[in-house]
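Written below as structure tokens is the structure these notes are about.
Read-outs throughout are calculated quantities, based only on the coordinates presented, and are distinct from any laboratory measurement. Since the structure is predicted, the reported quantities are computational estimates derived from the model, not experimental observations. So basically every Cβ, Gly included, is an ideal-geometry build from the backbone, and we count neighbours across all protein chains shown.
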Amino acid sequence: MSGQSYSLNDLADKVNGEVIGDSSLQISAICTIQHSSPGCITFLANPKYKKYLTNTSASAIIVSPEFKDKIKVGIVVNDPYLAYAKISTLYQKYPNPYESKQHSYFIHESSDVDESVIIGPNVFIGPNCKIGQDSIIHANVSLVMNVEIGKNSIVHFNSVLGSDGFGYAPHKNGYTKIEQLGKLIVGDNVEIGAGCTIDRGAIENTEIHNGVKLDNLVHIAHNVILGENSAIAASCAIAGSTIIGKNLQMGGLSGILGHLEIADDVLIGAHTLITKSINESGNYVGIMPAQEHKDWAKSSVFIKRRTSK
């Protein structure tokens, strides 16, 4: 809880909503609908929680128009979850957790970092990097080299951006390293989770377009192009030189092989491996539930027979 309180009318103005009940009611925190207390505002985004509407202890509830008649005090909006997201920014206690800390980061002399950027301790910003205004680089992040980050983007703890791509020329005596000469270009309003790794390009650039959201532990290889407003859940990987359209949604522990093309508006289910290009939008899932080994052996024979026809 931030210690700051707002009237119900203030919150409604923030989300362009309709007030139900006492507009001067003071709200000091946000709570879930099933674990609530007086002085809090909650929200109903998933209809399966509607059973809590009648017995929640919250002082106010954000609901969609279909539940308007079910509440005595609250805010009515078309998208309660979006309204909750907007209101949550008012109760953030530490918008800059580093403002009282002594600076302890490194910025290479060839790099250009806007003065409004927030930088945590132990951050390394290497050669030829650029960071746009109002972006946040959290503690222990490394921008290795040739990384450009746009405006209002966030990089969370321990992520490594612009590292060497996995490029080698094989020969009879082993492998010769291919120097990675391209950039990593990250757009505006991008959020990169903790522990992510994104490689810079080999010759051309790796590109993460505007509005992309990455969960923790996501790896994106060199020369990938990831279209705007895509969202990738934790522990996913995209191999090199794959080009992905807008609005990709990728479930956790999924993967996309290299040198593929993925259309706009593709949804990939959790634990799914994409091995071929996808030319049409849609929902793609390839999940095999865990089985005892003997049952898996039988299933695999069946699958092989079906796919070979």
Item checked: Nearby aspartates and glutamates by direct alpha-carbon distance to LYS276 (threshold 14 angstrom, same-chain neighbours under 8 apart not counted) -> GLU261
Checklist line | Point-charge dipole on Cβ atoms (K/R +1, D/E -1) for the chain, about Cα centre, debye to 20 | finding: 1480 debye
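What's the local net charge at TYR6, with K and R +1, D and E -1, over the other residues with C-beta under 13 Å away?
Net of charged neighbours comes to 0.
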Notebook entry, point to check: Which one of ILE274, ILE287, ILE185 has the biggest mean-square fluctuation once the chain is modelled by GNM with Cα springs under 10 Å?
Noted result: ILE287
Item checked: GNM top mover of ASP199, ASP79, ASP69 - the chain, alpha-carbon springs below 10 Å -> ASP69
Margin query: I'd like to compare 291-299, 31-39, 119-127: which one has the highest average count of other Cβ atoms within 10 Å, and what's the full order after that?
Written below: 119-127, 31-39, 291-299
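For the range 217-281, state which GluC sites (Glu not before Pro) are in a DSSP loop and have at most 10 other beta carbons lying within 10 Å of their beta carbon.
Values: sites: GLU228, GLU261, GLU280; in loops: GLU228, GLU280.
Those satisfying the criteria are GLU280.
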Next item on the list: Pick out which of HIS138, HIS103, HIS156 has the largest mean-square fluctuation in a Gaussian network model of the chain, springs linking Cα atoms closer than 10 Å.
Entry: HIS103
Checklist line | Neighbourhood net charge (10 Å Cβ-Cβ; Lys/Arg +1, Asp/Glu -1) for GLY245 | finding: -3
Next item on the list: Along Cα→Cβ, 7 Å out, is where each label goes; now give me the distance between the ones at TRP296 and HIS108 in nm to one decimal.
Entry: 4.4 nm
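Using the crude model of +1 on Lys and Arg Cβ and -1 on Asp and Glu Cβ, and no other charge, please compute the dipole size for the range 151-309 relative to its Cα centre, in debye to 20.
On the way: 14 positive and 15 negative charges, 163 e Å.
Computed about the Cα centre, the dipole is about 780 debye.
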Notebook entry, point to check: lysines near LYS72 by alpha-carbon distance under 30 Å, same-chain residues fewer than 8 away left out - which ones?
Noted result: LYS14, LYS48, LYS50, LYS51, LYS86, LYS93
